[in-house]
Every structure is written in structure tokens, then in C-alpha cells.
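J.: What follows is a single structure, and I will ask about it in a moment.
What follows is calculated from the coordinates using simple rules that are stated; it is not laboratory data. This structure is a prediction, so every number in the text was calculated from the model and none was measured. Methodologically, a virtual Cβ is constructed for each residue, glycine included, from the backbone with ideal geometry; neighbour enumeration extends over all protein chains shown.
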Amino acid sequence: MPVHNADIAVVLEEIADLLEIQGENPFRIRAYRNASRIVGDLGRDIAKMVEKGENLVELPGIGEDLAGKICEIVHTGSCGLLAKLHKQLPPAITELLKIPGLGPKRVKTLHEKLKVQTLDELAEACREGRVRDLAGFGEKTETHILEAIQARPAAGNARFKLAIAAQYAEALVAYLRAIPGVTQAEVAGSFRRARETVGDLDILVIADSGSPVMERFAAYDEVREVLSKGDTRSSVVLKCGLQVDLRVVGQESYGAALHYFTGSKAHNIAVRRIAQDKGLKLNEYGVFKGERRVAGDTEASVFKAVGLPFIAPELREAAGEIEAARAGRLPDLVELKDLRGDLHAHTRATDGHNTLQEMALAAKERGLEYLAITEHSRRLTVAHGLDPQRLAKQIDEIDRLNAKLKGIVLLKGIEVDILEDGSLDLPDSILARLDLVVGAVHSKFDLSRDRQTTRILRAMERPHFTLLAHPTGRLLEHRQAYEVDMLRIIRQARDRGCFLELNAHPERLDLLDTHCRTAREEGVLVAINSDAHSALDLANLRYGVGQARRGWLEAKDVLNSRTLKQLRPLLKRTM
Ligand code: DGT
Ligand code: CA
Ligand code: CA
């Protein structure tokens, strides 16, 4: 049974949570949590590394003990330690942990003080107002918890983050391509449109008649349940809960099917209407004039037949792309290879896992020309944030290292906390020594829209402020965006000569697509940043690019598509 990185990450994270609920040693907890993140974000397949006999201890943050646990998970799909923890704690603890806003600390309190063991019991306690009085809760939290329990999707309806779905999709597509008679296999649907999350995977294959593709698909190791199995269409559910629809299509229809199953539905309907206006019929088999097929083998042929230029999948949301296509004003979307650098990364000095030099070399290996080191500032104590003395020391270290490095330049930066009143967590005297200042909100997420907006606008007025990190603060599975007037923030960026980040971390993807479009219209450049906490995290830039493409951004709209020489003057604030 192939075990994916995401599965291993889930086990490690759950171990960390359960250890925390048991009140274990914080270092041990942190080691598991870090390991979970590293494994989850890793660009390489751990199961394959184990199979090849590679030593996992070489991964950042993985010691002997953790390496052993990971091997155990790869071999058995689970881990004795987790089973032991499950025995020691009530079974509903895991369910409680899945409620957004309920981390291990709060679950521990609920469990200890209220003896709450199931979600029903927790909902009951919320309704009776027994949760609000616990230390660290309050009335607002109580309401949130109750809402979250009620809004919980029925089991099986969960959506998957794009980066997680990608791990399953890539393995499955490789498996399908290797089946005799299969000449083409590709994922369509929301996955191809690079949506932040996907409901299921829609895979298309071309296969010779007589190919055992459907049998092999149903027999894939990861399949938990076969929902339906036919000659041209089958559906299964993988062990992780992700549904996969597979369709076998003919060569002559492949482009039409790819277009149809890529969607979105609203885009399809709009394109079909255009076809109808031309007296053509468009469906998943092709474009027809009467009974005669006039196009359909490639997507390009489909678009051409209906009189449109090729529209990139990420734009296909019926959000203006058809009009833009007709007017010849489709954007020339940014690509991963357009990125010349990355303006947000951490090292071991705070909560990252690699040294300055390791980060620099990893960025160089990816073909980047510059990498900004932007550690957390002192207020973020959980991340061991930098105070002015430690930052000054890092500035000197970067200068020394840059003198030695070839083909890559480290920029000196900081991810400075924006405090509640809009001031920054470090004095101007030290910020003045940096190449760029990335400002970020990491606290007080629940301010009113007005106060949150004012807070950020003020921060952007600081003379050295360059870039607003993860501007909405949302975490896909764990935290809603804070309330903020994004248009005012974008206009402030324009007026003050600063920039917005599109954070590429799969859990963030923050800016949203709509904000990217507004930024572009207002002439504000967006930086697609990895927020890397390890060298491997630089691989996440691809998801940032996907999100930027959904936001209609071209290379020229992206700050870090500039060469270092072009970038430097842009980082200097003129007002
Ligand atoms: P998801 O899976 O919820 O993340 O989103 P999609 O977009 O992948 O949706 P899905 O899997 O239900 O269907 C895949 C594509 O098939 C969808 O994007 C467009 C196409 N499609 C599905 N149902 C219809 C339909 O009723 N009419 C049209 N025109 N297209 C459809
Ligand atoms: Ca889908
Ligand atoms: Ca589907």
C-alpha cells in the first residue's frame, strides 16, 4: 500500500496534538509538529525514499526517533505510538480536534473541565453556556464552536487542499499511464483550474479498446470503495476519502472532453451558448455542424471552432474571460519560470529549519536570482522572533555570506508584526538597515473591519514598510480571513509605493483571486512568495503561481518577476 506524504503528516500531527493534550514535554510536541509540516510540504515522495533505503535523518528536523516512526508509518500505514495514545484518551478527542478553532490546548481544557467526550456533548455544553466561562474561551468562541459543529460537512463531503490532492493525483496519473493501452491520462476539473481546494478528481484517459484500464483503476491499491464501474466511466473513493471519476474517451473527442470536464460548469454553459449562436453544437464529444464533427481532438480546436482564442484553465470561471477572449484582451498569465526571486523566507534563526546558506543554495538550485530572508520579529515569541540585536547579527551574517555566494543574493528583510495600533514591532532605526520590510498581522484577528483596516493602513505608512504579508490572514482549514477593507489597502499600497504578497503556502494562498484582479486594476504589484520554513518549501511557489493565474496576473504584475537590478529601486520607498 503506497503511503503518501500527506498521510504521514496527518499521523504525525495527530500524535503532536494528543501528546499536547496529555501535557507532554513541549519540545517533543514541537518535534512532531515540525516533522508533520516538513513531511507534508516535502517535494519528494517519502515512501519512495524509504523504499530506496535513503536515510530520512537527512531531512531537516528529522532525528533518529522520528525517522523510525516515519518508516513505521510507511510500512504499516500507522504507528504504535498513535495507537497507544488513542487507547489512553477518549475516542472523541480526535473529532473535537477537527473543529476549526479548537486546537489541542482548548480540547484539553474541554476534556478536563467539562468532561466533554463527543461533539454532541460539546454542542450541548455550548447551548447551556458552560463553555464561555472556561479560561481562554469566552462567549464569542462558544458561539463559533457551536456554529462550527452545526456547519460540519457530512462525512465524505470534505474538500481537499490543492497541494494534498496533487499528491494523490500525481501518483494515480503515473499509475494510469503505465497501464497497457493507455496513451494519455490527465486530471481535469477544479484541479486543472488550480482551485484552492478540490471536491473530487476528474481524470480523462485515452486507451485502446481492450486495455484493462477500468479493471486496473478499480484495483488500485489506494481504492477504498468502487462506486461504479463501466466501460467508459468509473468512480472510486480513495482511502483518504477523495473521490476520483475516471472517463475513457476517444482520441477524436479528447479535447472536447478535456474542455467539458475542466469546467467550470458556468464557463461551459457560456461557451456552449456561443457555439449555438454560430449554429454549432458543443458537447463533451466534440463540436458539430449538424451530424458532422468539425472539432474536438484538441482543446485548441474546440476554442477555434467557436471563434475564441485558447483560454487558460485557471481563467475558466465565467468571470469575464469570455468577454476578454472575444475582445482579444486575455491576460498573458504569469508562469513559474517568470519568478526571479522570492521575498519571504525563514531560517533556523527563528522557526525555520535550514541555515542561511542552505536556503540560499536551495533558491539558486531552483533558478532564483535572489531570496529575501524575513524572520519573525520579537513579538512572535512562539517562533522565537528576532529582537534588534539578533536582527543586527543576522544582517552582518547575510553580508558576509553574500560576499561568498555566487549566482544567488540574499536580501535582508524581516517579517515584522503589525501591532494592534498599527505600529511595527521593531524600531525604524533597525528597519532602515534592511532591503525590505514585510509586515504581517499575527494577532488580534477579531478587530472590527474598521479598526483592522486602520491598523494595516497605518502600518503601511511607516517609512520602511515594503510588503504586506498574507493580507487576509485566512488559513484554508483553520481560520477565516479577518474583516478588512481590501480595496482601501490596495489603494494605500498604490499611494505609498508598497506591495501585497500572494503567500504560496498551500494552507494560505492569500491574496485571493479577486484581490489579485483588483491589485492589477489599481496598478499594485503582487509578490508571489513561498514563506518557506525549509529549503523544500520553495516548491510551494507553484501553488502561488496557480493562484496568481486565477487572479489574472501577468508576469509584469508580479514584483518578483523583476530581476534584482529592476527590483532594487522598487524596494526603495520614495514617500
Ligand atoms: P469540484 O470537484 O467540486 O472541486 O469542482 P469541479 O469543477 O471539478 O466539478 P465536478 O467534479 O462536479 O465536474 C467536473 C466538471 O464537469 C465541471 O467543472 C464542469 C463539468 N460539468 C459537470 N456537470 C456539468 C453540467 O451539468 N453541465 C456542464 N456544462 N458541465 C458540467
Ligand atoms: Ca472535480
Ligand atoms: Ca467529478
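J.: Kirkwood-based Rg over Rh for segment 165-204 (C-alpha set), two decimals?
T.: Working: Rg = 10.5 Å, Rh = 10.5 Å.
For segment 165-204, the value is 0.99.
J.: Please report, to two decimal places, log10 I(q)/I(0) for segment 24-81 at q = 0.12, 0.21, 0.25 Å⁻¹ as given by the Debye formula with identical point scatterers on the Cα atoms and no solvent.
T.: -0.26, -0.81, -1.14
J.: Mind checking the dipole of segment 160-248: about its Cα centre, +1 per Lys or Arg Cβ, -1 per Asp or Glu Cβ, Debye to the nearest 20?
T.: Values: 11 positive and 12 negative charges, 35 e Å.
Around 160 debye, computed over segment 160-248.
J.: When only DSSP loop residues count, what GluC sites (Glu not before Pro) in segment 1-96 have their Cβ near at most 15 other Cβ atoms within 10 Å? Before the final figure, lay out the partial values.
T.: Working: sites: Glu13, Glu14, Glu20, Glu24, Glu51, Glu54, Glu58, Glu64, Glu72, Glu95; in loops: Glu24, Glu54.
Here the GluC sites (Glu not before Pro) that fit, given the DSSP loop and packing criteria, are Glu24, Glu54.
J.: Amide H neighbours of Gln480 under 5 Å, counting only residues 5+ apart in sequence or on other chains, H built in-plane at 1.01 Å?
T.: Leu475
J.: Can you list, largest first and rounded to whole Å, the semi-axes you get for the chain by taking the square root of 5 times each eigenvalue of its Cα gyration tensor? List each step's numbers first, then the result.
T.: Working: eigenvalues 299, 213, 124 Å².
In descending order, the three semi-axes are 39, 33, 25 Å.
J.: Under 5 Å between amide hydrogens, which residues at least 5 positions from Val437 or on another chain qualify, with H placed 1.01 Å from N in the peptide plane?
T.: Thr466, Leu467
J.: Work out from phi, with θ = phi - 60° and the Karplus expression 6.51 cos²θ - 1.76 cosθ + 1.60, the ³J(HN,Hα) of each residue of segment 174-187, listed in order in whole Hz, and give x for Gly and Pro.
T.: Ordered by residue, 3J(HN,Hα) equals 4, 4, 5, 4, 8, 6, x, x, 8, 10, 7, 8, 8, 8 Hz.
J.: Using the alpha-carbon centroid of each, what span in Å lies between segment 294-320 and segment 156-194?
T.: Cα centroid of segment 294-320 versus Cα centroid of segment 156-194: 22 Å apart.
J.: Check which residues have an amide H placed less than 5 Å from Glu554's amide H, if you skip close sequence neighbours.
T.: Val334
J.: Going by the alpha-carbon gyration tensor, a ≥ b ≥ c the square roots of its eigenvalues, is segment 5-150 rounded (a/c under 1.5) or, if a/c is not under 1.5, prolate (a/b greater than b/c) versus oblate?
T.: Prolate, because a/c is 1.5 or more and a/b exceeds b/c.
J.: Mind checking the full-extension length gain between Glu291 and Asp485? Use 0.36 nm per residue of separation minus the Cα-Cα distance, one decimal, nm. Kindly include the intermediate steps, with their values, before the conclusion.
T.: Numbers: separation 194, 0.36 × 194 = 69.84 nm, distance 5.32 nm.
In short, 64.5 nm is gained.
J.: Can you check what the net charge comes to around Cys71, using other residues whose Cβ is under 12 Å from the Cβ of Cys71 (Lys, Arg +1; Asp, Glu -1)?
T.: On the way: positive: Lys69; negative: Glu51, Glu54, Glu64, Asp65, Glu72.
It works out to a net charge of -4.
J.: Another question, then. Give a quick list of trypsin sites (Lys or Arg not before Pro) in segment 309-372 that DSSP marks as loop, anything other than H, G, I, E or B, with at most 12 other Cβ atoms within 10 Å. Present the calculation step by step, with values, prior to reporting the outcome.
T.: Numbers: sites: Arg316, Arg326, Arg329, Lys337, Arg340, Arg348, Lys364, Arg366; in loops: Arg316, Arg329, Arg340, Arg348, Arg366.
In loop regions of segment 309-372 (DSSP not H, G, I, E or B), the sparsely surrounded trypsin sites (Lys or Arg not before Pro) are Arg329.
J.: What is segment 240-326 by shape, rounded, prolate or oblate, if you read a ≥ b ≥ c off the alpha carbon gyration tensor as root eigenvalues and call it rounded for a/c under 1.5, prolate for a/b larger than b/c, and oblate otherwise?
T.: Values: a/c = 2.01, a/b = 1.17, b/c = 1.72.
Oblate.
J.: Which residue, Ile269, Ala325, Pro60, has the largest displacement toward the positive end of the dipole of the chain when charges sit on each Cβ (Lys, Arg +1; Asp, Glu -1)?
T.: Ala325
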